[in-house]
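Read through the structure below, which is laid out as structure tokens, and then see the notes.
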Amino acid sequence: MRPIQATINLAAFRHNLAVARQHAPQSKVMAVIKANGYGHGLLNAAQGLADAEGFAVLSLSEALDLRHAGYEQNILLLEGLFDTDEALLANQHRLSLVIHQTEQVTILEALSLPHPFEVFVKINTGMNRLGFQPEQLTPLMQRLKQCANVGKITLMTHFANADEAAGIAQPLALFQQTVKDFSDYPISLANSASVLRYPESHGDWVRAGIMLYGATPFADTTASQLNLRPVMRFSSRIIAIQTLSQGDGLGYGHAFVADQAMRIGVVACGYADGYPRHAKNGTPIAVAGKSSRLIGRVSMDMLFVDLSHLPDCDLGDEVELWGDLVPVDAVAHSADTIGYELLCAVAARVPLQVSDRD
Ligand SMILES: *Cc1c(COP(=O)(O)O)cnc(C)c1O
């Protein structure tokens, strides 16, 4: 078998969920497990985070997979219904819906359903992606209260800059002003950055995503500084050794040229596995538990690691692409992206293994 795998540590999920609860002790946690659990496997994420009061996903099919696996907590569809056809199944399985535009209200008003939906009304406080404008809220609430298919209502927003210097002060003030006539309603505002930095945003439900996977939402603070543990360990093995003389080029385009004699390991992992092709020379990587660096251009199925300073490392040695020794955020930084993107991009051909080690 090709030696690549991603190992998902359920104990790390539980640890990170406990960290979220330490920050937001009064709030319920909606664990965001969209995008196949940020690449960790939807059901692996649900298993590790089973203690969360809710799960947030994008599609009806993800929600149904969770129900079929026996999860009974609140399941929120973050973009709500995409069309009328989804309403009956969503209702039957007691899914909660984000409502972010009038068309979704019209769908609900036209139906006759066995029981009312729990809904999360999304207000646009400056992200300008999804949600109602603040001045739409009062008439909207009138409509929702009159609709027999709408039950419990939570008011929500999503911040554009919770992880940035701008912070949340302005959109939070706008939200509070917007909902002041609806102060009896539960609220949900915080993503991971806001859970970690802004207690004033915690409300009834926090929507924690990236922190639960043990990666950082911030450019200036590492996951370990936040006491988060990586859940995924992405690993493979050395499948060939090459010796270079001074002046030899390596791999496609000879993007790396040896300035002295070197020993190189060829690793069974490439961009078709989800390793970023734009990772630069020098990106951290670990071989048999020791730090080294990526060199040369990442190809579809293989990449190169420098073994010049690791004479004991050899064919068959284990390589950590990211995990406990190499933070995914460090690899992401070196590829001009964020940990989120790398985790979500782990390819379907990479087998996911589950472990449970403290
Ligand atoms: C993805 C998402 C989250 C989680 O964001 P993180 O930064 O991963 O914590 C929260 N709320 C909404 C609406 C989202 O789409």
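When the residues of region 84-110 are filtered to those that are charged (D, E, K, R) and under 22 Å from Gln136 (Cβ atoms), which remaining residue is surrounded by the most Cβ atoms within 10 Å (Cβ to Cβ)?
From region 84-110, those charged (D, E, K, R) are 85-86, 94, 103, 109; that's our starting set.
Then drop every residue that is not under 22 Å from Gln136 (Cβ atoms), which leaves 103, 109.
Numbers: Glu103: 11, Glu109: 14.
So the residue we want is Glu109.
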Notebook entry, point to check: Checking Leu343 against (1) outside any loop (DSSP other than H, G, I, E, B); (2) over 16 Å from Arg237 (Cβ atoms); (3) touching a strand residue (DSSP E or B) at 6+ places or on another chain (Cβ under 6 Å), which test does it fail?
Noted result: (3)
Checklist line | Considering residues of region 183-239 that are basic (Lys, Arg) and within 13 Å of the ligand (Cβ to nearest atom) only, the residue nearest to Ala11 (Cα to Cα) | finding: Arg207
Notebook entry, point to check: Between a first residue in region 230-253 that is closer than 30 Å to Thr216 by Cα and a second residue that is in a strand (DSSP E or B) and of a type in the set (Asp, Glu), which pairs have beta carbons less than 7 Å apart while being 6 or more apart in sequence or on different chains?
Noted result: Arg233/Glu320; Ser235/Glu318; Ser235/Glu320; Arg237/Glu318
Checklist line | Whichever residue in region 1-23 is closer than 21 Å to Glu318 by Cα and out of contact with any Phe, Trp or Tyr (no Cβ under 9 Å at 6 or more places or on another chain) and, among such residues, is surrounded by the fewest Cβ atoms within 10 Å (Cβ to Cβ) | finding: Met1
Check: Taking region 24-46 as the search range and keeping residues that are touching a helix residue (DSSP H, G or I) at 6+ places or on another chain (Cβ under 9 Å) and assigned to a strand (DSSP E or B), which one is surrounded by the fewest Cβ atoms within 10 Å (Cβ to Cβ)?
Finding: Val29
Margin query: Among the residues that make up region 236-253, is at least one of them crowded, with 17+ Cβ neighbours inside 10 Å and either of a type in the set (Lys, Arg) or within 24 Å of Gly37 (Cβ to Cβ) (or both)?
Written below: yes
Next item on the list: Hey, can you tell me all the residues within region 180-195 that are over 13 Å from Phe120 (Cβ atoms) and part of a loop (DSSP other than H, G, I, E, B)?
Entry: Ser183, Asp184, Ala190, Asn191
Note to self: Please determine whether any residue of region 37-56 is within 16 Å of the ligand (Cβ to nearest atom) and of a type in the set (S, T, N, Q).
What the structure shows: no
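Residue-wise test of (1) farther than 21 Å from Asp204 by Cα; (2) within 16 Å of the ligand (Cβ to nearest atom).
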| position | (1), (2) |
| --- | --- |
| His93 | yes, no |
| His100 | no, yes |
| Leu108 | yes, no |
| Ser112 | yes, no |
| Phe117 | no, no |
| Gly131 | no, yes |
| Glu135 | yes, no |
| Val150 | no, no |
Item checked: Hits in region 60-83 (condition: among the aliphatic types (A, V, I, L, M) and surrounded by fewer than 15 Cβ atoms within 10 Å (Cβ to Cβ)) -> Ala69
Note to self: Given (1) more than 13 Å from the ligand (Cβ to nearest atom); (2) on the phi < 0 side of the Ramachandran plot, identify the lone condition not met by Ile33.
What the structure shows: (1)
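Take Val119 and tell me if it is more than 19 Å from the chain's Cα centre (by Cα), at pLDDT 95 or above and under 24 Å from Ala162 (Cβ atoms). I'd like the intermediate steps shown before the answer.
On the way: more than 19 Å from the chain's Cα centre (by Cα): yes; at pLDDT 95 or above: yes; under 24 Å from Ala162 (Cβ atoms): yes.
Criteria met by Val119.
I'm trying to understand the selection: among the residues of region 158-182, which are away from the ligand (no atom under 16 Å from the Cβ) and either charged (D, E, K, R) or within 22 Å of Thr216 (Cβ to Cβ) (or both)? Spell out the reasoning first.
Step one: list which residues in region 158-182 are away from the ligand (no atom under 16 Å from the Cβ), which gives 165, 169-170, 173-174, 176-182.
The answer is Ala165, Ala169, Lys180, Asp181.
From the set of residues in region 120-176 that are among the acidic types (Asp, Glu) and closer than 23 Å to Met30 by Cα, which is surrounded by the most Cβ atoms within 10 Å (Cβ to Cβ)?
Asp163
The values are calculated or read from the model by the stated rules, or taken from the named source; none is laboratory data. This is a predicted model, so every value here is computed, not measured. So basically every Cβ, Gly included, is an ideal-geometry build from the backbone, and we count neighbours across all protein chains shown.
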